[in-house]
Each structure stands twice: as C-alpha cells, then as structure tokens.
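Here's the structure, in structure tokens; my notes come after.
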Amino acid sequence: MDGSRATRSPLDARLAVELERLRETNLYRTRRAVSGPHGVELVVDGKRCVNFCSNDYLGLAADARVAEAARDALRRAGTGSGAAALVSGFNEEHARLEQALAQAVGRQRALLFGSGWAANLGVLRALLGRDDLLVADELNHASLIDGGRLSGARYVRVPHRDVAAFADALTLSRDAKQTIVATDGVFSMDGDLAPIAELSALCVRSGATLLVDDAHGFMLRDAPAAEIYVATLGKALGCAGAFVAGSEMLIEYLIQRARSWVFSTAPPPAIAAAARQALSIARSEPERRAKLLANIARFRTGAAQFGIALPAQQEPTPIQPLILGDQARALTASRKLFERGFWVAAIRPPTVPRGTARLRITLSAAHTASQIDELLQALSDSLS
Ligand SMILES: *Cc1c(COP(=O)(O)O)cnc(C)c1O
C-alpha cells in the first residue's frame, strides 16, 4: 500500500505479490461502510441506495421493536456476558431464547452459538472423528466444509443435489463408526433447495444422521425434518448468532464437546433479547412472509419480461442468482447498478465455483414494488 518496498517484511512482501495477483484477476475484495441501520434503504459512502444483496429477508434488521428489545436488555443486563456459558456467561436471556427457538422449530432443545460458522464447526468436530464419514453437497456453505475438514472424518463431496451420488457415497458408511450427511437447506449462492425428503430416507436406510444448515430457510419455510438442525439469527431474524436444535441428548452432548461453544464467550444477553423479539415478530406477522413471496414473484415475472435469464426454481426463495460467468463482467454490472443507486454485490470465486461469477440478488419483505421494478430496468440496462 505505501509502496516503500525496502521496509517491507518478508511476510508483507509475499502478501503484496498475492494481493497483486488477486487484483489482476478481478478477485480483489473491498468493503463499503454503511452509516446507520442496515435496512433496505441505506446510506453507503455518503450515498443513498437500495440494498438488494442483504439476507435481511423479513426486513427485521432495522426494526425499531427489535432495537428496543436490545436497548431494554442492555439497561437490565449490560453489554458483555463476561465468560463462556459453562463458566458464568449464561444469562436468562440466552435460556429464554433457546426455549423459544426450540419451540419454533419443533425440537426438544436448542443451543445458542455466537455465529453460524461456530455452530457448524462445533457440531461437526464434536460428532465426527477419524473413524467416521461425512457426506456433503459440494455447494455447502464454507463453514460446513471447514467443520468437516477439522473433524478429521473421511470427507466425501457429492455433486450438487445429486441423490444417486449421495446413495453411492453412503455405501461407504458400512466402514464408518458414525456417518453424517450434511447439506444446506436453501443453498446460499443459488437459492435452490436440498432434496431433504430423499436424503432423509437415505439416512434412515444407512443408519446415517442428517444435518441441515437452514440459514436461508429459517422463518421463511417449515423447518425440515433433520436430526441435527442448524440455523442462524443474522439472516431472516436480522440479529446475530446461530443455534443448533435437536434432541435433549444431542444438545447435552454439544454442551460437553462442541469446542467452538465451550471455549467461546457467550453472546451479549442483549442480542439474545433482540433475537427473541425478532422471532416473535416473524411468527406473529405472517404478512411479512407473504410480502416477501409477492416480491419474489414480481421480480421473477419482471425478469422474464426483460429477458433476464434466471435459473428455474422449484420453490421460490429470496435468493435470485444472475450468473454472468466471468468475474470482470459481474464486477462491471455491480458497479453500474451502484451508480444507479442499487447495491447488488458481485459474487466471485472462491465463494462460487470458477466461471460462475454472479450477481446474487436477494429480495426482502421490505422492498417496495417500485424498487423492484426500477432494479429490473437498471439490470436490463447494465447487462446490455
Ligand atoms: C451465513 C451462513 C452461515 C454462517 O453464519 P454466520 O452466523 O454468518 O456465521 C452458515 N451457513 C450458511 C448456509 C450460511 O448462509
């Protein structure tokens, strides 16, 4: 950055080469800082724009009632939890949220983690070891991939949503002590759905356990029947954190053995209070889901009219990928949209496979019809 090569440490010199390579291949990434709340309309770099790349699907991230629940808990409980939950960091706000989450997804218990990343690492490392097998969809979230690697289990990566390939891989479970089949419920970069019913049946037949990471489905669709259910609180609930839900036994075991939970400071009580409020709003205001579905339909119908090709969807999800292939093309389209006041991030490798760089457009219940129509016009102009 400062250019004075002579003073660079050996590490910085190596990193400079690597960073230059990323720049040359259009894979360099930067951030834009938002001022104020992260709602659908926001201010970024001093400029107002409409956000079409957030995971705030129900429009709760900037909801005043959720913020008030956090403020109220801050007044009562302060900021930090001060320690891991097994030491002295477990607050009654955490306990209340865990109960509400377990009830919302129809499981015996839930365990609150600091993030979805921590939840997936914690669960896989706790349940799997060297004599075990993990069968995983190739497009699973990076945290499931890293959790699987960290566990030391034999890792079989299966072609995307290929039930026959899952069945094949599961023949290896005969040689394993324990087998887990892991899949995203709604795939984060494609918006398509895992074949949960088929995978469930395969698991029953082979004595394997199904883990579904429902980060993008939680509170938008019924929680899938999976023995291990993982979801995050930072997406549709607009807060932060994650949870694992399942049997009493599963949760008690994770409390003993999930290292990313045991050795990590419990989240602030206020964030648990906020998430419980967001959960309650999401459940009591089904019109948010209805509005989201209407927005998805409006976007897809409009895209078809403009000749913008989106992949077919078995069922509507808020994730609408516009695959452009080349990363330079995706970056250019994203920049043009931003100039028109629309924020749609370009998603590039390694987040998505090589040659599938894309605009990942996401819809929210908080978008208006005219915002969607204007985005479509801008998209059509930016792609031509
Ligand atoms: C976002 C996401 C995660 C990570 O959750 P965080 O709480 O953001 O760490 C895990 N899995 C999937 C499928 C996700 O989309």
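Every read-out reported here was derived from the displayed coordinates using simple, explicitly stated rules and does not represent laboratory data. Since the model is a prediction, treat every value here as computed from it, not as a measurement. We place every Cβ from the backbone using ideal geometry, glycine too, and count neighbours over all the protein chains shown.
Across segment 212-306, how large is the tail of the calculated P(r) beyond 22 Å, expressed as a percent of all Cα pairs? List each step's numbers first, then the result.
Details: 1921 of 4465 pairs.
That tail contains 43 percent of the Cα-Cα pairs.
If neighbour count is taken as other Cβ atoms inside 10 Å, put M189, M219, M249 in order from fewest to most.
Placing the least packed residue first, the sequence is M249, M189, M219.
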Notebook entry, point to check: Mind listing the Cα extents of segment 37-94 along all three principal axes, in Å, largest one first?
Noted result: 44, 23, 20
Margin query: Apply the Karplus curve 6.51 cos²θ - 1.76 cosθ + 1.60, θ = phi - 60°, to the phi angles in segment 281-287 and return the couplings in whole Hz, x for Gly and Pro.
Written below: 5, 4, 6, 8, 10, x, 4
Notebook entry, point to check: Cross-link partners among aspartates and glutamates for K47, C-alpha distance below 15 Å, same-chain residues fewer than 8 apart left out?
Noted result: E339
Notebook entry, point to check: How high is the relative contact order of the chain, in percent, with contacts defined as C-alpha pairs under 8 Å that are six or more residues apart?
Noted result: 22 percent
Next item on the list: Would you work out if segment 112-188 is rounded, prolate or oblate? Take a ≥ b ≥ c from the square roots of the eigenvalues of the alpha-carbon gyration tensor; rounded if a/c is under 1.5, else prolate when a/b is larger than b/c, oblate otherwise.
Entry: oblate
Next item on the list: Check cross-link reach from K291 to the lysines: straight Cα distance under 22 Å, and skip same-chain residues fewer than eight apart.
Entry: K235
Item checked: Sum of -39500 (n - 2.57) over DSSP H runs of 4+, divided by residues of the chain (222 nm, nearest 500) -> -13000 deg cm²/dmol
Next item on the list: Stick to the Cα atoms of segment 294-345, pair each with every other, and give me the Kirkwood hydrodynamic radius in Å at one decimal.
Entry: 12.2 Å
Check: If you put +1 on each Lys and Arg Cβ and -1 on each Asp and Glu Cβ, how big is the dipole of segment 64-283 around its Cα centre, in Debye rounded to 20?
Finding: 580 debye
Item checked: In Å, descending, principal axis extents of the Cα set of the chain -> 56, 55, 50
Notebook entry, point to check: Taking the radius of gyration and the Kirkwood hydrodynamic radius from Cα positions alone, what is the Rg/Rh ratio for segment 1-129, to two decimal places?
Noted result: 1.09
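Beyond 24 Å, what share of the Cα-Cα pairs of segment 64-283 remains, rounded to the nearest whole percent?
Working: 9638 of 24090 pairs.
Value for segment 64-283 (Cα pairs over 24 Å): 40 percent.
How would you rank V123, V156, V50, V34, going from fewest to most other Cβ atoms within 10 Å of each one's own Cβ? Write out the running numbers ahead of the final one.
Working: V123 30, V156 19, V50 22, V34 16.
Listing V123, V156, V50, V34 from fewest to most nearby Cβ atoms yields V34, V156, V50, V123.
Can you put D213, D222 in order of Cβ neighbours within 10 angstrom, beginning with the fewest? Walk me through the numbers before you get to the answer.
Values: D213 33, D222 8.
Fewest-to-most Cβ neighbours within 10 Å comes out as D222, D213.
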